[in-house]
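Worksheet: the structure to be examined is printed underneath.
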Amino acid sequence: MTPDMKNIEERICKSLPGLPAHQKKVADFFLEHMDLVALLPIREVAHKAGVSEATIVRFAQLLGYRGYKELKETLSSSLKAQLSPTARYHLAVAETGKSPDVLKLASRNVISNIHETIRSIDTHIFAAAVDSIIAADQIYCIGLELSSHLAQLMTFLLRQYSYNAQHLSLDYFRYEEQVAFMNPRDLVIAFSFSPYSRETVDAIALAKKRAVPSILFTDKKSSPARTWATHCLTIKTDNIMFSNSLGAVVTVLNAIITELNFRDKERTLAALRIIEESIRDDRYFVAPT
């Protein structure tokens, strides 16, 4: 049982003595079928529990949620975190029905991730992360598998505005071997999302040991690299399928670059002049017709 499910179970047990008979029926059903509550619409839960939909809503509110939908989403997210990729696929098919509007479904998922991320990010940590980028002599961006693309994107965005950034690969040396040559004036920017790469976690741990500051982009407060990171930005990456959804991550990266642009106007203007000059060169770019 996940922490969220355990927390809900404890709340239900605590409320049992004072519940009227019809609410106790709901409580008993929830305690015995927590996994079904995570999957079924309110109509079916009410039918199976033998109560009205209004009773289900009031019970969810009794537990501290705005309504059944919020309670179901909490349980569903918690349940998905435990599932294998195959089981998660079956769950997505069951939740979306036979003919889902996948474009709208995926878009709503990304928008939800962005909103949750904006609400949860500490603005002081965000500002401190930007400060560390400005202060760094050399910036190293790391990440493996899907996170490798995010590390490359961050490197591109920083270099576009003349920050001394470099993407580290594992082509010749392990991350730990490369971190070993860094110093406290450098900065490591790491991307570590579930499933977490041990190579990335170990690199952040060594960076801390060597007093090299770091910024970690991750998806959970329980992320293993979080212990070692100087600044940690937790970003929601929930997806309908197994892979992480990157919409909220790219939003935060864009926000960081925008903040850097506002903080250092001279650097930004100088970079923009170079960009404007280069895109006018018809050897490399084609003008729209």
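Here the chain is assigned +1 on the Cβ of each Lys and Arg and -1 on the Cβ of each Asp and Glu. Its dipole about the Cα centre then comes out at about 760 debye.
Cβ crowding within 10 Å, taken as a proxy for footprinting-reagent exposure, orders Phe30, Phe126, Phe59 from fewest neighbours to most as Phe126, Phe30, Phe59.
Rounded to the nearest 10 degrees, the angle from helix 265-279 to the longest Cα principal axis of the chain is 80 degrees. Helix 247-263 and the longest principal axis of the C-alpha atoms of the chain enclose an angle of approximately 40°. Summarising the amide proton neighbourhood of Ser214: residues at separation of 5 or more, or on other chains, whose placed amide H is nearer than 5 Å comprise Val188, Thr230, His231. Of Ser243, Ser223, Ser107, which is the most mobile in a GNM of the chain whose springs link Cα atoms less than 10 angstrom apart? Looking only at Ser243, Ser223, Ser107, the biggest GNM fluctuation is shown by Ser107. For region 1-37, trypsin sites (Lys or Arg not before Pro) are listed when DSSP marks them as loop and at most 10 other Cβ atoms sit within 10 Å of their Cβ; the list is empty.
Assuming 0.36 nm per residue, please report the length gained on full extension of the stretch Asp131 to Lys24 beyond their Cα-Cα distance.
Separation in residues times 0.36 nm, less the Cα-Cα distance, equals 33.2 nm.
What angle do you read, to the nearest 10 degrees and between 0 and 90, between the alpha-carbon axis of helix 3-15 and the longest principal axis of the chain? In the chain, helix 3-15 runs at an angle near 30 degrees to the longest axis. Projected over every direction and averaged, the convex hull enclosing the alpha-carbon atoms of the chain yields 20.3 nm². Pairs over the 22 Å Cα-Cα cut-off, from the set Lys6/Lys69; Lys48/Lys236; Lys24/Lys221; Lys48/Lys104; Lys6/Lys220; Lys14/Lys221: Lys48/Lys236; Lys24/Lys221; Lys48/Lys104; Lys14/Lys221.
Quick check: residue separation of Ile118 and Lys220 times 0.36 nm, minus the Cα distance between them. What number comes out in nm?
On the way: separation 102, 0.36 × 102 = 36.72 nm, distance 1.45 nm.
Gain on extension, Ile118 to Lys220, equals 35.3 nm.
Note on Leu31 and Val286: the extension gain reaches 85.5 nm, defined as 0.36 nm multiplied by sequence separation minus the Cα-Cα distance.
Taken together, the values in this text are just the output of simple stated rules run on the coordinates, not laboratory data. Please read all numbers here as calculations on a predicted model, not as lab measurements. In this analysis, Cβ positions are derived from the backbone assuming ideal geometry, glycine residues included, and neighbour counts consider all displayed protein chains.
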